[in-house]
Structures are given as structure tokens and as C-alpha cells.
Amino acid sequence: MDETHPTTTATVEPSSASAYLNPSYWDERFSKEEKYEWFKEYSHFRHIIQPHLTPNSSVLELGCGNSQMCDGLYNDGTTNITCIDLSHVAVHNMQNRLLSQGFKDIKVMQADMLELPFDDECFDLVIEKGTMDVLFVDSGDPWNPKPETMSKVMSTLKGVHRVLKPDGIFISITFGQPHFRRPIFNAPDFSWSVEWTTFGETFHYFVYVLKKGQRSSHEDIPPVKRIEVPHFNLFHEELESEDFAFRINVDELNS
Ligand SMILES: C[S@@+](CC[C@H](N)C(=O)[O-])C[C@H]1O[C@@H](n2cnc3c(N)ncnc32)[C@H](O)[C@@H]1O
């Protein structure tokens, strides 16, 4: 088991993946769970994030939960950090923890990533880890997500694009594979370029780096090729049980 995953995990996993879309699920979970790091902790991917940051960067983290990614960013020299989460319990706990550990400059506030309460062009970098994946848990066919899923995803992305400075960067750390995510990130609404890389040992997580204003007008976006998704058992033993439940649609498997 990854050292970042506490033994309390078993008591907070939902019985169905769609519970992740319910705000009260997260409130209840965070009232029991002190610490849980989705996917991997910051040290595993900091080498990908750091080249995009300076000590003066203003950073917005979407859906911080009880992650310690902001601690890592702060300790690496970027102190102007705002974390948001929809769960007021997560926000309350995070504020208390950061204050007690001396991270007084990190701002934490309750907010919905679908309706970001920030001015236009005010952040150098927006980052999320596993938060947008919540929107996809009941998306249906991953090749053709439900309209309600796409509506929420596009609201989030348009908000992120709006609050980024003209040369700002959005970093999305996710299970979402490029053949599913690139067409969404490359929607005509956005001026960002889209690059991706991976980290991880046998199982790879995806890190998308979207640079606002960098989209070439001549960009040759390759057509999306429909490929077979690897059978989930290939990855099962390498993932935390909850990461696994999150990655696949448990409700669909059970139906
Ligand atoms: C899978 S967890 C990821 C937590 C954290 N980013 C991490 O890496 O450990 C999803 C988080 O997103 C939050 N969340 C879900 N929907 C949200 C929304 N619409 N706006 C903001 N936060 C949301 C949840 O409360 C939860 O903290």
C-alpha cells in the first residue's frame, strides 16, 4: 500500500462510483478521513510541474481535498497558492492543518470549480489532481460522454481558461487517457496548446500541460483514432483499490 494512503480508506470508499458526484459524500468522507493522496503524492511528479513555476507564480488548485500537494508546491518556493474545494469540511480541515503547520500564506476557500469565483486572468497556473475525473465517473461511453458530463467539463475548462493569465498554464493530473482527453482539451473554445506526459512505474498517470495563448492557428490536430482500451485487469493489482474503482465505472460493471 502506498504510504500516503491511510488505513481509514476502507471505511470511506463509496459503494458505487456515482457517489463521487454527490457533495455530501465528500463532506462525510472528510469528516472521517484526515489524509488521502489520490494517485500519487507530489514527489512523484514535481519534476514535471516545477519547470512551469517561479517563486512569483500565482497558483490555483482545484479540489484540494486533504491532499498535501500545496505543501509541496510551497516548500519548492511558490507561496502564492489558493486552494478550493466544494466540500466545506475539506476546506475547514485544510485551513486548520495548514495553519497548525505554519503554511499561513496558503488560502483555502469553498468554491465550485464549475463556477470559479475569481477575476479574469488572475492566475499563472491552475492545477488539479483527480478532481476533474470526478465529473467523468458516470459519463457513460468514454468515446461519447453524456451531454450532462460534457456540460460540466466544459464549464470547468472555460472557467479555468478565463482565470488564467494570457500566458498561464493549466496542469491536469488524471487517469484520463489522451485519446479521451485531447479532443476535449482541444475544443475550439480554447487558445491553449495541449501536451501530455506520464509518470508512474508500471501504471502510468497522465499529466496534461495546457499553455494558454500557445495554440497554433495552423495546429495540425491529429484525428482521434479509436483504439481498444486495455483490459482493466492489466492494471488492477498495481492500483490502490479506490483508485481502481475511480478509474473504471463500477456502476456500469455491476449493471
Ligand atoms: C478525487 S478527490 C481529489 C483530491 C485531491 N486533489 C487529491 O489529489 O488527493 C476529488 C476532490 O474534488 C472535490 N470536488 C468534487 N467536485 C468539486 C467541484 N465541483 N468543485 C470543487 N471541488 C470539487 C472533492 O470534494 C474532493 O476533494
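The values are calculated or read from the model by the stated rules, or taken from the named source; none is laboratory data. Quick caveat, the model's predicted, so the values are computed rather than measured. Don't worry about glycine lacking a Cβ; one is built from the backbone with ideal geometry, like all the others, and counts go over all protein chains shown.
Any residue that is within 16 Å of the ligand (Cβ to nearest atom) and modelled with pLDDT of 95 or more - is there at least one of those in the stretch 135-146? Yes - at least one qualifying residue is present in the stretch 135-146. When the stretch 81-95 is filtered for residues that are more than 10 Å from the ligand (Cβ to nearest atom) and over 20 Å from GLY159 (Cβ atoms), the ones remaining, listed by number, are HIS92, ASN93, GLN95. When the stretch 128-186 is filtered for residues that are of a type in the set (Asp, Glu) and touching a residue at least 12 places away in the same chain (Cβ under 8 Å), the ones remaining, listed by number, are GLU128, ASP133, ASP138, ASP167.
Only one of the numbered conditions (1) modelled with pLDDT under 95; (2) farther than 25 Å from VAL153 by Cβ; (3) out of contact with any helix residue (DSSP H, G or I) (no Cβ under 6 Å at 6 or more places or on another chain) is not met by GLU33, and that is (3).
Just one of (1) outside any loop (DSSP other than H, G, I, E, B); (2) buried (at least 18 other Cβ atoms within 10 Å of the Cβ) fails for GLY176. It is (1). For the stretch 26-50: of the residues being part of a loop (DSSP other than H, G, I, E, B) and within 21 Å of VAL89 (Cβ to Cβ), which is nearest to the ligand (Cβ to nearest atom)? Checking each candidate, the answer is TRP38. Checking LYS107, LYS165, LYS211 one by one, the residue that is closer than 23 Å to ASN80 by Cβ, basic (Lys, Arg), exposed (fewer than 15 other Cβ atoms within 10 Å of the Cβ) and at pLDDT 95 or above is LYS107 and no other.
So which residues in the stretch 146-180 are closer than 21 Å to PHE123 by Cβ and of a type in the set (Lys, Arg)? Passing the criteria: LYS152, LYS158, ARG162, LYS165.
Scanning the stretch 63-80 for residues that are part of a helix (DSSP H, G or I) and within 7 Å of the ligand (Cβ to nearest atom) yields one hit, MET69.
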